[in-house]
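Here is the structure we will look at.
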Amino acid sequence: MPRPTTAEKILHAAHKLFDREGADAVTMRRVADAVGITPMAIYRHFANRETLLKRISDDSFQSVADAWRQQPDRGGIVERLLATQMLYLDYALAHPHLFDHAFSMRRDDARRYPEDFRARRSPTLNVVADTLAEGMREGVLRRDDPWDVAMTLWAHTHGLVALYRAGRFNYDDTRFRAFYRASIGRLLDGLKA
């Protein structure tokens, strides 16, 4: 197995700090200390802190999308859509700081609906929109704009996660997961042809 490059070490250390403590913890000094280099050495690999944070955010999107794509094709379209949304919840609860930065924080470099999404610049929503389009072609789901439906589904799931994380549910994780699954099931039932 090849040894990680300095850039990979920097990214790994920054990602670890971010995941554990949030974006504010990712300072060039702390990352450099974790890697065993000088803070100035980081600039050979990342132009600035914002570039490093953007890379972490982009990697987070890609990680979620990869997990969705790697799911076995068990069940039909509706089951596959539900599986993506359950993985979204898993990611949000396991990596709250990364989740917030990737999906909830206002950022100048964030993708905008509809242009960026329809141009397939979202690794995560591409998976959902493609699955929705497949379901519409097969007659399993009602015909509609798959991107608008994907955004509606995302708004629903993201809203539930945000409310739960903000303490608006008096449920433990197990009860919330059951509620979340049932709520998404209701939404998906409404999309069926």
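Numerical summary
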item	result
Where the Cα pairs of the stretch 134-193 fall when distances are cut into 10 Å bins, in %	21, 45, 24, 10, 0
Accessible surface, 1.4 Å probe, highest first, among residues D148, D58	D148, D58
Alpha carbon convex hull of the stretch 98-168, projected area averaged over orientations, nm²	5.5
Carbon and sulfur %, accessible surface of the stretch 37-105 computed with the full protein complex present, 1.4 Å	53
Relative intensity, log₁₀ I(q)/I(0), of the chain from a Debye sum that treats every alpha carbon as a point, q = 0.09 Å⁻¹	-0.40
Scattering profile of the stretch 31-121 at q = 0.15, 0.23, 0.26 Å⁻¹ [log10 I(q)/I(0), Debye over alpha-carbon scatterers]	-0.75, -1.22, -1.31
Amide H contacts under 5 Å for L141, placed H, 5+ residues apart	M136, A193
With every protein chain in place, the stretch 138-184: carbon and sulfur % of accessible area (1.4 Å)	50
With Cα atoms, 0 to 90° folded angle of helix 49-69 axis to the chain main axis	40
Spacing of the two label points (7 Å from each Cα toward its C-beta) at L93 and A34, in nm	2.5
³J(HN,Hα) computed for each position of the stretch 141-152 - Karplus, 6.51 cos²θ - 1.76 cosθ + 1.60, integer Hz, glycine/proline x	10, 4, 5, 6, 7, x, 6, 5, 5, 4, 5, 4
Rounded to 10°, Cα long-axis angle of helix 77-94 versus longest principal axis of the chain	30
Residue-normalised accessible area of the chain, given per residue in Å² at a 1.4 Å probe	56
MRE, 222 nm, helices only [DSSP H, n ≥ 4, -39500 (n - 2.57), over the chain, to nearest 500]	-21000 deg cm²/dmol
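The values are calculated or read from the model by the stated rules, or taken from the named source; none is laboratory data. Note that the structure is a prediction, hence the values are computed from the model and not measured. Here Cβ is always computed from backbone atoms with ideal geometry, including for glycine, and neighbour counts include all displayed protein chains. Side chains included, ligands, DNA and RNA excluded: accessible areas come from the protein's heavy atoms. Shrake-Rupley method; radii C 1.70, N 1.55, O 1.52, S 1.80 Å.
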